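First comes the structure, then the notes that go with it.
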Amino acid sequence: MKTAEKILVTSLDLFNQRGESNVSSVDIALELDISPGNLYYHFKGKEIIVAALFDLYREQMDRVINSALHKSLSIEDFFYFLYLVLEKGHLFQFLYHNQANLAENHPAVAKSFKKNLASQEKCIEKLLNDFIQNGSIKASQVQSLQIVELIGLVFTQSANYYALKGQDISDETHLYKGLAMIMFAVLPYINIPQGELHQLQEAIATHSLVSELVE
């Protein structure tokens, strides 16, 4: 792994653990056992590292969104898509820790982050409308928009909620908890055979959701 890649991987780990505002360029250099000058050679300041990590996040999220938009999804595929979005948020969780600090210290990143969230919501709204059209979901336009907002709340706040409760958010367990919350909210509107629905609920409960949807 090249030095620049090591810097990004280490920075991401430190940002996720401590919060980006609590980590300095010197901290990153010390963790890597390199000089601050060597770090500066690759990234001219911590703000450049944050921007580079956000670009990686956006690229990964764009692949997930584009994959979902260009395929005909089942309800199970839809929940796997939601899982992938939660997973990407988990990998770059420092972006969700403190939006006020992000906006103050990295306004360009914060602005792009909001655009990314808007793209996620537009994608989910489109997918829900497709399900309403094919009868897999029975909901009004108003109800559909409320579901979109609720999913957005789970995406952006569930990890912080569990962390505040003192729960471990280092593995995929909290991702499935978020998915289960979405299932609970959407369940009254899902209109698929009971066998398929039970199988989906079981997959979420046992953390064994699978799909042919490609990241």
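In segment 164-179, what residues are free of Cβ contacts under 8 Å to residues at least 40 places away in the same chain and loosely packed, with under 15 Cβ neighbours inside 10 Å?
Within segment 164-179, Leu164, Lys165, Gly166, Gln167, Asp168, Ser170, Asp171, Thr173 meet the criteria.
Being over 19 Å from the mean Cα position of the chain (by Cα) and among the charged types (D, E, K, R) is the filter; apply it to segment 104-136 and report the residue that is surrounded by the most Cβ atoms within 10 Å (Cβ to Cβ).
Ranking the candidates gives Asp130 first.
Just one of (1) part of a loop (DSSP other than H, G, I, E, B); (2) of a type in the set (Gly, Ala, Ser); (3) under 13 Å from the mean Cα position of the chain (by Cα) trips up Ala139, so point out which.
(3)
For segment 55-99, which residues satisfy the criterion of being farther than 24 Å from Leu187 by Cβ and charged (D, E, K, R)?
Asp55, Arg58, Glu59, Asp62, Arg63, Lys88
One residue is enough: does segment 43-50 have a residue meeting the conditions at pLDDT below 95, touching a Ser or Thr at 6+ places or on another chain (Cβ under 6 Å) and part of a helix (DSSP H, G or I)?
Within segment 43-50, one or more residues are at pLDDT below 95, touching a Ser or Thr at 6+ places or on another chain (Cβ under 6 Å) and part of a helix (DSSP H, G or I).
List pairs: first residue in segment 1-29 and under 12 Å from Lys46 (Cβ atoms) and in a helix (DSSP H, G or I), second residue at pLDDT below 95 and among the charged types (D, E, K, R) anywhere in the structure, Cβ distance under 7 angstrom, at least six positions apart or on different chains.
Ser25/Lys46
Going by the conditions given, is Ile49 closer than 18 Å to Leu8 by Cβ, aliphatic (A, V, I, L, M) and surrounded by 19 or more Cβ atoms within 10 Å (Cβ to Cβ)?
Against the criterion (closer than 18 Å to Leu8 by Cβ, aliphatic (A, V, I, L, M) and surrounded by 19 or more Cβ atoms within 10 Å (Cβ to Cβ)), Ile49 qualifies.
What's the total number of residues in segment 48-90 that are in contact (Cβ under 8 Å) with a residue 60 or more places away in the chain and of a type outside the set (Gly, Ala, Ser)?
Here the count works out to 18.
Within segment 173-210, how many residues are in a helix (DSSP H, G or I), touching a strand residue (DSSP E or B) at 6+ places or on another chain (Cβ under 7 Å) and within 19 Å of Gly152 (Cα to Cα)?
1
The values are calculated or read from the model by the stated rules, or taken from the named source; none is laboratory data. In this text, all values refer to a predicted model and were calculated from it rather than measured experimentally. Note that each Cβ is placed from the backbone with ideal geometry, even for glycine, and that neighbours are counted across all protein chains shown.
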